Amino acid sequence: AENPLSRALPLLYHLVASDALRGRVAAAGAERGEEAPLLRLHEWAYLAGFVPLELFVSVVHPHLLSPRLPFLPLLATSVYCAVGVHYCTGLAYAFWAQQRQRPDIVEEGGRRGQGAAKPDYRSRDSP
């Protein structure tokens, strides 16, 4: 009973998150007058790679390599997920850097081209 549930929950999460993201991406693209895809081709390929990974972890490894290499499924899953985490971190950093360079972004104060006031980190005792 645990195995089907542990496989169904990520699938259900994927379906709900995809639907929510599809709506937000479409709304953001409509604001800019363009149609943005939910994911790029290589991102879809990465997500599709979880299917062979799951087949390896659930079917191939237990029947062929289990006695000799019991750690291999965890290693393969960890490395595969680490690639995705590093990609997403780099993408988030690139997005952040791109947004900081655009002068037309409206900041909290509502002014264009002028960033929000930077906080003063000096102590009150300094001149």
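Length gained on full extension, ARG68 to LEU11: 17.4 nm, using 0.36 nm per residue less the C-alpha separation.
With a Förster radius of 22 Å, plug the Cβ-Cβ distance of SER78 and ARG40 into 1/(1 + (r/R0)^6) and report the FRET value to the nearest 0.05.
The formula returns an efficiency of 0.35 here.
Rounded to the nearest whole Hz, the Karplus-based 3J(HN,Hα) values (6.51 cos²θ - 1.76 cosθ + 1.60, θ = phi - 60°) of region 10-22 follow the sequence x, 5, 5, 4, 4, 5, 5, 5, 4, 5, 5, 5, 4, with x at glycine and proline. Computed on protein heavy atoms with a 1.4 Å probe, the accessible areas place CYS81, CYS88 in the order CYS88, CYS81, largest first.
Taking label positions 7 Å along the Cα-Cβ direction at both GLN101 and ASN3, the computed distance is 5.0 nm, reported to one decimal. Relative protection proxy for 17-23, 71-77, from highest mean packing down: 71-77, 17-23 (other beta-carbon atoms within 10 angstrom).
The values are calculated or read from the model by the stated rules, or taken from the named source; none is laboratory data. Everything quoted here is computed from the prediction, not taken from an experiment. With ideal geometry, Cβ positions are generated from the backbone for all residues, glycine too; neighbour counts draw on all protein chains shown. The area values use the complete protein model at the heavy-atom level, side chains included, leaving out ligands, DNA and RNA. Shrake-Rupley method; radii C 1.70, N 1.55, O 1.52, S 1.80 Å.
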